[in-house]
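This report concerns only the one structure given below.
Derivation of every value follows stated rules applied to the coordinates shown; laboratory data play no part. Quick caveat, the model's predicted, so the values are computed rather than measured. Because the Cβ atoms are built from the backbone with ideal geometry, glycine has one as well, and the counts that use them run over all protein chains shown.
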Amino acid sequence: MILVSLACVFPLLWMMSSSLKTQSTVFSDMSLLVLKPCWQNYITAWVKGNFGIYFLNSVFYTIAIVGGIVLISSLAAYAFARLKFPFKNFLFILLLAPMMVPIPGGFVALYVLLNKMGLINTRIGYILPQINAGLAMSIFLLKSFFEKIPRDLEDSARIDGCSRLGIYWHICLPLARPALAIVIVYNVLYVWNEYLLAMLILSDKSLMPLTRGLMIFHGEHVTQYPVLMAGMCIATIPIVLLYLIMQKRIVEGIMAGAVKG
Amino acid sequence: MNSKKIRTFRSYLFILPALLLFIIFSIYPFIKIFQLSVYSWDGIMPTMNFVGFFNFKDIIFHNPIWWRSIGQAGYITLIALTFQNVLALILALICDRGIKFGQGYRVIFFIPPVLSGIVVGLIWNWIYNGNYGLLNHWLVQLSKWTHISCFANLQRAWLAEPKTALTAVAVINMWKGFGWGFLILLAGLQSIPRQLYEAAKVDGANAWQSFRRITVPLMIPTFGIVSILTILGAMQIYDIIASTTNGGPAYHTEVPITRILSAMQGNLQFGYACAMGLVFGVVLLSVSLIQIRLSRKLNPVAV
């Protein structure tokens, strides 16, 4: 157990310690502890390596995409859980279909579509398809959560004159916080780490997220390992921190999902 | 009746944004793949040549590299299915016993799956490096320590040599993926009622017997979920490949996704790339159908 845990953590610790070594010591000094940390690497990465821009882009994309997913999927999930309208079940199954059917070549057609719409190399062209990609799972999760909320609460709100939109916004959404947290964390992890679409769609450095930026930097400065490692730390530390803060929720989510599914 | 119509209309407004995005970015591309797959098109010209099933014929009968890429993804998947999931199961079994720091291990094992495939690939790129990689460094230390020279002789550029590249990538994939299997398996184990084990103990069953007769049969649905997720994930591996070997050396780590991308971006054969995607989709679908059949057959409860 301890050995496997070490194997899990060691590459990360090594990445962090290497990011604090200098170009000359990084290949000779294989130890984990760095006596004279070279913070300069981070400044170089942030300014010269463009990682500042990549980082802000990643933050922007993550907030925009996950925000969009939460808003759109919760609206739809509420409708599927509580409202009555024709073709409800058909539409629900249709929206969930991507969870069952793998379409490995989908990105080719997506590229063609975005090209036609003039959205290649734009922020919106990177954001919209990813909002769509996150919808199925989020709608599924939120719908089953909304269904568990007691109807009495909504009935009393309706008697008090609350509209359906008001019930959704003031009652169901706040009550669904645990489910929303799972939806948010999963999609943040996914969006932050996304690479394939970023590679296909974005070609301007000023638009790229961190994953893409790392590959660009790796291609241009193959041997500048300490700076590369600093860039990787910039890409990794926020997500690991988020995971450590939210890990209870994440683990519970997977465990609950696995037993049900 | 008019007010009812308005109500229905307003209900639709709730799902309208989701539906719009879905139609534009899921349904349209889905149809487009089928359409493009029967054309020869470079992705730029306004004219497309209709070629019928030529793309499919060429992929299926005249594209050995394509089938090789599927085989190599299959190899990565096989390693993930066997070594990775067996390791995950053993660890989950130990954790299920309620050892010290069980919670802590759970947290640590799930760190690699949280990371981006790009970051993971780049770290391992360096570990495997032939000149100043950590793995070679350790091999030298090990042989100095044990005075056995063959460890030092194992030194190589792991990702650049045809013999080791694919396995090296498979190991990275394993490192990144076993946390998932571990968590799901642990969840499955914890859902088994403890009384069953106690009853077996009273009846004189040893540890192996109760594992064989209680744990395994009750875990079959969970094994099914884990293997489907492993297969779908590993077959479509891309980020790790892109950040380590990018298909090289000499096609030794090509996988379907890299082939589709290179048909699209490298050769500008958009129709061909779509056809590849469809062929690959059919492969994936049939593998998961077989898998579902298998686990149904093995599952005594769900028959």
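The table for this structure:
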{"quantity": "Per DSSP, loop trypsin sites (Lys or Arg not before Pro) in segment B:52-120 with at most 15 further Cβ within 10 Å", "calculated": "B:Arg97, B:Lys100"}
{"quantity": "Neighbour net charge for B:Trp67 - beta-carbon separation under 13 angstrom, K R +1, D E -1", "calculated": "0"}
{"quantity": "Additional length obtainable on full extension of the chain from B:Gln103 to B:Gln155, 0.36 nm per residue less Cα span", "calculated": "15.0 nm"}
{"quantity": "Segment A:188-261-segment B:203-252 distance, computed between alpha-carbon centres (Å)", "calculated": "24"}
{"quantity": "5 angstrom amide H check on B:Tyr39, placed H, neighbours 5+ away", "calculated": "B:Val51"}
{"quantity": "FRET efficiency, 1/(1 + (r/R0)^6) with R0 56 Å, evaluated for B:Thr8 and A:Lys205 via beta carbons", "calculated": "0.70"}
{"quantity": "Cβ-based exposure ranking for A:Glu220, A:Glu194, A:Glu252, in which fewest neighbours within 10 Å come first", "calculated": "A:Glu220, A:Glu252, A:Glu194"}
{"quantity": "Within chain A, longest stretch free of exposed chymotrypsin sites (Phe, Trp or Tyr not before Pro) [DSSP loop, at most 11 other beta carbons within 10 Å]", "calculated": "A:88-261"}
{"quantity": "Shape call, chain B: gyration tensor on alpha carbons, a/c limit 1.5", "calculated": "oblate"}
{"quantity": "Order of A:His218, A:His170 under a 10 Å beta carbon neighbour criterion, fewest first", "calculated": "A:His170, A:His218"}
{"quantity": "Set of lysines near B:Lys297 by C-alpha distance (under 30 Å), chain-local residues within fewer than 8 positions excluded", "calculated": "A:Lys260, B:Lys201"}
{"quantity": "Gyration tensor (alpha-carbon) shape descriptor, segment A:65-176, a/c threshold 1.5", "calculated": "prolate"}
{"quantity": "B:Lys297/B:Thr167 FRET efficiency (R0 22 Å; Cβ-Cβ; nearest 0.05)", "calculated": "0.10"}
{"quantity": "Reachable aspartates and glutamates, given that their alpha-carbon falls under 20 Å from the alpha-carbon of A:Lys143 and they are not under 8 places away in the same chain", "calculated": "A:Asp152, A:Glu154, A:Asp155, A:Glu252"}
{"quantity": "Order of B:Glu198, A:Glu154, B:Glu161 - criterion: other Cβ atoms within 10 Å of each residue's Cβ, fewest first", "calculated": "B:Glu198, B:Glu161, A:Glu154"}
{"quantity": "Set of lysines with alpha-carbon distance to B:Lys57 below 30 Å, sequence-local pairs under 8 removed", "calculated": "A:Lys116, B:Lys32"}
{"quantity": "Förster-model FRET efficiency, 45 Å R0, B:Thr82 and B:Asp203, C-beta, rounded to 0.05", "calculated": "0.90"}
{"quantity": "Of A:Lys148/A:Lys248; A:Lys36/B:Lys144; A:Lys84/B:Lys5, those spanning more than 19 Å from alpha-carbon to alpha-carbon", "calculated": "A:Lys148/A:Lys248; A:Lys36/B:Lys144"}
